[in-house]
Amino acid sequence: MNSLLVELQTEELPPKALKKLSEAFAEHLAQSLAKQHFLADASAVTAFGAPRRLAALITNVLEKSPDEPFKQKLVPVKVGLDAEGKPTQALLKKMKALGLTADVSDLKRENDGKNEQLMYEGIRAGVALAKGLQTALDAALTSLPIPKVMHYQLADGETTVSFVRPAKHLVALYGEDVVPVSALGLTSDRVTSGHRFHTQGLISIRSADGYEEQMQTEGKVVPSFAKRREKIVHDVKAMAKAMNGEAIMPEDLVEEVTALTEWPVVYESSFDKEFLSVPQECLILTMQQNQKYFAVKDSEGRLMNRFLLVSQLEAKDGGEAIRSGNARVVRARLADAKFFYDQDRLVTLESRLPGLAHVVYHNKLGSQAARVERVMQIAGRVADLIGADRAEAVRAAQLAKVDLLTQMVGEFPELQGIMGEYYALHDGESRTVALAIREHYQPRYAGDALPSTPVSLAVALADKLETLSGLFGIGQMPTGDKDPFALRRHALGVLRMILEKGLNVSLAELVTIGYEALQSVAGVKDAREALMAFFEDRLRVMFKEKGYSAQEIDAVLAAHPDRVLQIPARLDAVRTFSQMPQAEALAAANKRIGNILKKSPAETTQVNEALLQIEAEKALYRALCDVEPQVQAAYEQEKYTEVLTMLAPMREPVDRFFEDVMVNVDDPALRANRLALLARLHRTMNKVAELSRLAK
């Protein structure tokens, strides 16, 4: 066994795809080689990914795959042998096609459940690594998650190749020896290119195991994506700390910078303090998106007029030219941001409102101006429900989308809401209104912060309810894994706000408020039932992630609790009830009652005591009359565990009832009375949860 190295050296690969490409390249190579039995249990795979190369190092690779016994089904016996037991043309033709030679007497017979089959058993000779690697390389290249394929011609001017970027060199080494394979018009060798500026000429890789070290020492390339990333993070943090600051390092930016540099070197630069008058979110986003810089905050969280950049050049002058050059570039970018900010503030948000009439929200739901009117209507009603200031909620809803018309948000859509807050404060709006404009998009993603004030909550709920009601109303529900309007995220946001902010509101009422605001739009149908079911599905997901069982969740949601805020307490009560010795019998009885009532629905829950004949039904009626007021009192106080605990003594009278009493008797009055008794019991038992869902 020996180590195997495969490297494709290319033109600059797309940075946002590099990590996935490198990992997939190594993974697919290893999987194919393992499938062909070239790898051992102890084989390890290392993926390398740099701006101009994809590579994989695999240890403990066999030079030749082992010989293997195999079994091949041929044809049914009745097809392969004639009446005298001699091979037919069909059998001979099949064996020739498979390249098999054997005497008929050596063939085995097996029954596959339908026919008796002729089987060939033999030994398949192993293949050389070159052949196995060629198969693996072809499979890996066709399986790469390439975002956009590039077509280019080879040096002969005739052959066209398709790949993510033009490939320049193919290295394939088994230990110190070249493995003869080809790909993308290239024939394998041991030569590759090093750093574009720090090296000259080609580098000859001496061995597979020495590849990484040789590329670093001679090629000035850190081929490991993980190690480059680690170095960048360490150096940026250390340099920021030396500046008495902290670098802002979003994950996406770190990944992208890692994919852009072969030999990362961190430098510090700065910009004029005058730009700090621009909201720091604008400056940070400008540096991150346009220049891939790491902004720096001081100990109090304020943006500093200094930033860190990652180059792949070790400058002889200590980086002075790099620092000054980047300072000039960022100045132009920040000047644009300041211009946008200054120009936007010349016009108030309110004066921009008419412009929303020219912005299409949805071709079936009208303009943003029409949508704003609906969100205002919903926000006012929601504010009343949750105790928020109605006037401020309506005002914030009116202005929440206007920053979409500003130059800053036009340049950086990520700043919508954020810039609205700044511009609202500049216009003299209250801090509560301005904050609600910023926060009404929250939560934007799983784990995001929720709106912080009642007014912000009212507008955020209104915004999401309008979206859900409108799109469900025109039939634009999510299907399968497709959710182009992020409706699942909107629904989860509504539920998180209710649960985590303790909003004791009716979900059905919120859905109705949303629907009623959309009634003025032609073509919008009443989709409240579908939307409630959609919310219920999201609740199942949420509580399953919190550790509740599917059975517990199903029991609670089957009772259709009016207020989402009650659900956690109901779930806890069901969990406690399930551990009681009487739970299983009561759940089974509840299921039985439900089945009886489905077949013969009770017309009333009023029980005529005079019609009770058998002692068992009288005992059940007395027990029910005793427990009902206690259950109702505890239920009204939302003491759900107490409600279910009170049901425990009902087990004995319920069991006796089903042992001694026949419900569907011939006498219609007697039958109706017993059905009324069961319906009343069913209603009492299922106040907290549908207990039949707990039956095994």
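The values are calculated or read from the model by the stated rules, or taken from the named source; none is laboratory data. Quantities reported herein were computed from a predicted structural model and do not represent experimental measurements. In this analysis, Cβ positions are derived from the backbone assuming ideal geometry, glycine residues included, and neighbour counts consider all displayed protein chains. Accessible surface is based on the protein model in full, side chains and every heavy atom, while ligands, DNA and RNA are left aside. Shrake-Rupley method; radii C 1.70, N 1.55, O 1.52, S 1.80 Å.
Take the residues of segment 86-119 that are of a type in the set (Lys, Arg) and outside any strand (DSSP E or B): which is surrounded by the fewest Cβ atoms within 10 Å (Cβ to Cβ)?
Filtering segment 86-119 down to residues of a type in the set (Lys, Arg) leaves 86, 93-94, 96, 108-109, 114.
Filter again for outside any strand (DSSP E or B), leaving 86, 93-94, 96, 114.
Working: 86: 10, 93: 12, 94: 20, 96: 10, 114: 7.
Looking at residues that are of a type in the set (Lys, Arg) and outside any strand (DSSP E or B), I get 114.
In segment 111-127, the residues that are over 22 Å from residue 68 (Cβ atoms) and at pLDDT 85 or above form Cβ pairs under 6 Å with partners that are in a strand (DSSP E or B) and open to solvent by 70 Å² or more (accessible area, probe 1.4 Å), at six or more places apart or across chains, as follows: 116/109. Counting only helices (runs of 4 or more DSSP H) that fall entirely inside segment 396-490 and contain at least 2 residues that are crowded, with 19+ Cβ neighbours inside 10 Å and polar (S, T, N, Q), the qualifying elements are 454-473. If you check 618, 696, 591, 598 for being open to solvent by 30 Å² or more (accessible area, probe 1.4 Å) and either touching a Gly at 6+ places or on another chain (Cβ under 8 Å) or outside any helix (DSSP H, G or I) (or both), only one passes: 696. Condition first: part of a helix (DSSP H, G or I) and in contact with a Lys or Arg (Cβ under 6 Å, 6 or more places away or on another chain). Can you find one or more residues in segment 516-535 that meet it? Yes.
Taken together, 273, 241, 237, 231 contain a single residue that is in contact (Cβ under 8 Å) with a residue 24 or more places away in the chain, of a type outside the set (Asp, Glu) and over 26 Å from residue 197 (Cα atoms), which is 273.
Quick check on my filter: what residues within segment 496-515 are in a helix (DSSP H, G or I) and either free of Cβ contacts under 8 Å to residues at least 60 places away in the same chain or more than 24 Å from residue 570 (Cα to Cα) (or both)? Within segment 496-515, 496, 497, 500, 507, 508, 511, 512, 513, 514, 515 meet the criteria. Condition check for residue 449 on (1) closer than 20 Å to residue 502 by Cβ; (2) among the aliphatic types (A, V, I, L, M); (3) touching a residue at least 12 places away in the same chain (Cβ under 8 Å): one failure, at (3). Of the residues making up segment 278-300, those that are touching a residue at least 12 places away in the same chain (Cβ under 8 Å) and assigned to a loop (DSSP other than H, G, I, E, B) number 5.
Here is the figure for segment 175-206: residues that are in a strand (DSSP E or B) and in contact with a helix residue (DSSP H, G or I) (Cβ under 6 Å, 6 or more places away or on another chain) total 1. Which members of segment 621-670 meet the condition of being open to solvent by 60 Å² or more (accessible area, probe 1.4 Å), over 21 Å from residue 688 (Cα atoms) and not in a helix (DSSP H, G or I)? Scanning segment 621-670 gives 662, 664, 666, 667.
Checking each residue in segment 59-80 for being touching a Ser or Thr at 6+ places or on another chain (Cβ under 9 Å), open to solvent by less than 60 Å² (accessible area, probe 1.4 Å) and more than 28 Å from residue 134 (Cα to Cα) picks out 75, 80.
Residues in segment 243-258 that are in contact with a Ser or Thr (Cβ under 9 Å, 6 or more places away or on another chain) and either farther than 24 Å from residue 300 by Cα or in a loop (DSSP other than H, G, I, E, B) (or both): 244 only.
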